[in-house]
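What follows is one structure encoded as structure tokens, with my remarks underneath.
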Amino acid sequence: MSILSVGILLKSYDVFISNISADLLNSSNSFQGSNDLSYRGFNQITTPNLDAMGYNGIILNRHYTEAICTPSRAALLTGQYPIRIAMQGEPLKAGEDRHLPSDVQTLPQLLKELGYDTYLVGKWHLGQARRDDTPTRKGFDYHYGYWNGYVGYFDHEIPSPISPSITYNGYDMKENFKDAWMDKGKYATHLFTEKALDVIDQQNIDTPMFLMITHLAPHTGKDGLVEGYDEQEMNNTYSYVEDLQRRRYLDAVRHLDHSVGKIVEKLQQRNMLQNSVVVFMADNGAQINGRFKNAGSNFPLRGEKYSHHEGGIRNAAVLYSPLLEKKNYVHDELMHITDWFPTLYSLAGGNVATLNRIDGVDQWPSLSQNMKSRRKNMLINIDEARLYSGIIGYAGRYKLLNGTVQSGFYDTFSPEPTSLEQMDYDVAAILNSPVNKAIEESKYNPVILDEKLITGLRKYSSALRHFPKCTNKPENPEICNKYCLFDLWIDPCETENLINDRSKAKIVSTLKTRLQTFWRQVSPQANKIRGCQFQSSKI
């Protein structure tokens, strides 16, 4: 008998699946806005499968990531803060010779040592200048997907401007090292779902498996636009939304939610769900401004992708597993994306104490039993090239920021999404979703979802319930050019800078000292463009 652990990362979603011997376990998106799952209390968007996953399991209310995609993926797969492995800077560009260090073990490499089959479907974005930088040389037995940060949803092409006068174009869809030309024209979300289902179908259920699925959706595609699947169907479905780009974004998320439903349904069909841990998370907030803005929403939080404010780093996450001792609740404890590394490794039967230096914390006891978090503080990130950094301490209560990116361009508040008509929350769609039906069929959940339980959990997980002060947002919030201190328990939307509050002087001093310690541990980033080493095929 084995345990299957599945994690799904929003923004470019990652799904990781691992099987573990049951006797060892008696003791685991991009530009996805924090407001863009319907369990958050807003009816413009519908995500019945993801809602069902959270209601049957756990909704993680304080799950933190890095503010941009490459650092988040590096943190997830190494369990280390990106500053330790020189991955704290900008997202990798096509042709850039930057990658995970060869002497740092990844989660799939360690799981292979425990007997796992390892698979990656979708986005990589952690190095492609050499074969040794790519997924199958970093611990994955198989990879289907793209090496760079984004592609067109249908044509799978990436035009990447690497200087004011040079743009490198390529077809970036591969099966291991072979270009997957036969799949050109297929909608990326459907294509990755199909490949993930094939992996699950073909897996020997007696062999441990780790599958990571990183969807393109709802990241913008090659022209800086999110692409829906069928424009006519999309316009009919979201006729109550006036903005075309928002409709496309909602459609991309809808197809992503369908993908999650099909994957969970397939796990149940193969009798794997009963031994599974299924995680869904975002790797950074939606981008509201700039070239790659995707019409996502981080409302009511302040900030977006690139920002160290909550809208850029406090991101959606849900977890389902029959192995959880407690289910059907909202987890308000502090958790960081690096924590999945030791949490999943420990679940797989690995001894976390034998690992080399990691920053992640094994959070399974906290998650499974709804206990206090083992994490009391976390480094947000340090960008020594652009001179901005941040840290959260005091059990997640206080945040200290030092500096900002692009003079606060990404530090504004997301507007509330508007609709032409008021929509109702469809409880029946959740109860009848493939995820909920699969969980009911597995008979491993003692509590069966009903309307009363759904309504109660949604009310508790509502964004506005947790952010009562967010209705008093200033029109021109103070930019943290120097130091800012925020009390996240009282002021989660970061409207009041407490840096000059004398009663907080000791807190400021302590957090400054901790942050300065991390500054001394920074491995300098090296953003170098070497277009000739980009492996994707020229168009």
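Brief remarks follow.
- From phi via Karplus (6.51, -1.76, 1.60), per-residue ³J(HN,Hα) for segment 247-253 in Hz, x at Gly/Pro: 4, 5, 5, 4, 5, 4, 5
- Backbone N atoms of segment 401-419 closer than 18 Å to the 7 Å Cα→Cβ label point of LYS469 belong to residues 401-402, 412-414.
- Kirkwood hydrodynamic radius over Cα pairs of segment 344-482, then Stokes diffusion coefficient at 4 °C and 1.567 mPa s, in µm²/s: 64
- Under the Karplus curve 6.51 cos²θ - 1.76 cosθ + 1.60, θ = phi - 60°, whole-Hz ³J(HN,Hα) for segment 459-464, x wherever Gly or Pro sits: 4, 6, 8, 4, 4, 6
- Normalised contact order of segment 226-339, rounded percent, pairs of Cα under 8 Å and 6 or more residues apart: 21
- Long-range amide H partners of PHE42 with built H, under 5 Å: none
- Taking the helices alone, the chain has a mean residue ellipticity at 222 nm of -7500 deg cm²/dmol, built from -39,500 (n - 2.57) per DSSP H run of at least 4 residues and averaged over all its residues.
- Near ILE380, the amide H atoms lying under 5 Å from its own belong to GLY390, ILE391, ILE392; only residues 5 or more places off or on other chains count, and H is placed 1.01 Å from N.
- Ranked CYS69, CYS470, criterion: other C-beta atoms within 10 Å, fewest first: CYS470, CYS69
- ³J(HN,Hα) computed for each position of segment 439-445 - Karplus, 6.51 cos²θ - 1.76 cosθ + 1.60, integer Hz, glycine/proline x: 5, 4, 5, 5, 6, 9, 9
- Dimensions in Å of segment 340-406 - Rg and Dmax from alpha carbons: 15.1, 44
- Per residue, the Cα convex hull of segment 443-520 amounts to 186 Å³.
- For the listed residue pairs LYS178/LYS222; LYS327/LYS459; LYS473/LYS504; LYS305/LYS473; LYS327/LYS376; LYS174/LYS437, the alpha carbons are over 26 angstrom apart in LYS174/LYS437.
- For segment 276-371, the alpha carbon positions stretch 44, 34, 21 Å along the principal axes, listed from largest to smallest.
- Note on LYS112: aspartates and glutamates with a C-alpha under 12 Å away, same-chain residues under 8 apart excluded, are ASP141.
- Residues whose amide H comes within less than 5 Å of that of HIS63, counting only those at least five positions distant or on another chain, are ASN315 (H built at 1.01 Å from N in the peptide plane).
- Normalised contact order of segment 192-265, rounded percent, pairs of Cα under 8 Å and 6 or more residues apart: 34
- Fewest-first sequence of THR517, THR214, THR70, THR237 by Cβ atoms within 10 Å of each Cβ: THR517, THR237, THR70, THR214
- Reference-scaled alpha-carbon Rg (2.2 N^0.38 Å with N residues) for segment 412-485: 1.69
- Relative contact order of segment 359-402, pairs being alpha-carbon contacts under 8 Å that are 6 or more residues apart, as %: 26
- Relative counts (whole %) of C-alpha pair distances in the chain, using bins that are 10 Å wide: 4, 20, 32, 28, 14, 2, 0
Quick note: the coordinates plus some simple rules give every number you see, no bench work behind them. Because the structure is a prediction, the values reported are computed rather than measured. Glycine also receives a Cβ, built like all others from the backbone with ideal geometry; neighbour counts cover every protein chain displayed.
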